[in-house]
Amino acid sequence: MLNVPKALLEPCVKIETLHRSGKRLLLEIAGALELSSESYDIRSSKGGNGVMGEVILHSDHLYLMVHVMTGELRVMYRTCKGPKDDSGGINYFVGVSELASATASERFIAKLKQMTSLGVREAA
């Protein structure tokens, strides 16, 4: 089960909270996927006035982004072909609040592992 930071489960998340706790969530996901720290990059795009920005984990085969969409904090995820691929495969979304459930977080990690293994096979 993922340890979703409690601050991300609050109804009104501040920009600083999104970026600080979003990084913690992505580190938690990277740990669950057993990614080595050299195999991915986590970065924050703060945005400007009126936008929350996003926090991104980018590996050789996965691209994950924690952001606000239609008023809900979500994780967008997709396959990619390397660290310079910013468009990648089909976008999928999961609500951060859903990841607080053990069953949902286990399914999410299993899906990411499957997507990663597909990406590795495609690259070979």
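Here, each number is a calculation from the coordinates, and none is a lab measurement. On a predicted model such as this, the values are computed, not experimentally measured, just so you know. Quick reminder, even Gly has a Cβ in these numbers, built from the backbone with ideal geometry, and neighbours come from all protein chains shown.
Matching residues to (1) within 19 Å of A7 (Cβ to Cβ); (2) of a type outside the set (D, E, K, R); (3) surrounded by fewer than 14 Cβ atoms within 10 Å (Cβ to Cβ):
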{"site": "E54", "(1), (2), (3)": "yes, no, no"}
{"site": "H58", "(1), (2), (3)": "no, yes, no"}
{"site": "L64", "(1), (2), (3)": "yes, yes, no"}
{"site": "S87", "(1), (2), (3)": "no, yes, yes"}
{"site": "I90", "(1), (2), (3)": "no, yes, yes"}
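Figure legend. Inter-residue proximity from the stretch 55-77: first residues in a strand (DSSP E or B), second residues among the acidic types (D, E), beta-carbon distance below 6 Å, spacing 6+ or different chains. Indicated pairs: H58/D41; M65/E54; H67/E54.
Out of all the residues in the stretch 82-96, which are in contact with a helix residue (DSSP H, G or I) (Cβ under 7 Å, 6 or more places away or on another chain) and closer than 16 Å to M115 by Cβ? Reasoning before the result, please.
Initially, the stretch 82-96 is screened for residues in contact with a helix residue (DSSP H, G or I) (Cβ under 7 Å, 6 or more places away or on another chain), giving 94, 96.
Correct list: V94 only.
Selection of the stretch 37-64 for residues being more than 25 Å from C12 (Cα to Cα) and in contact with a helix residue (DSSP H, G or I) (Cβ under 9 Å, 6 or more places away or on another chain) yields S37, S39, Y40, S59, D60, H61, L62. Taking the stretch 1-19 as the range and being part of a loop (DSSP other than H, G, I, E, B), surrounded by 13 or more Cβ atoms within 10 Å (Cβ to Cβ) and hydrophobic (A, V, I, L, M, F, W, C) as the test, the residues that pass are M1, L2, V4, V13.
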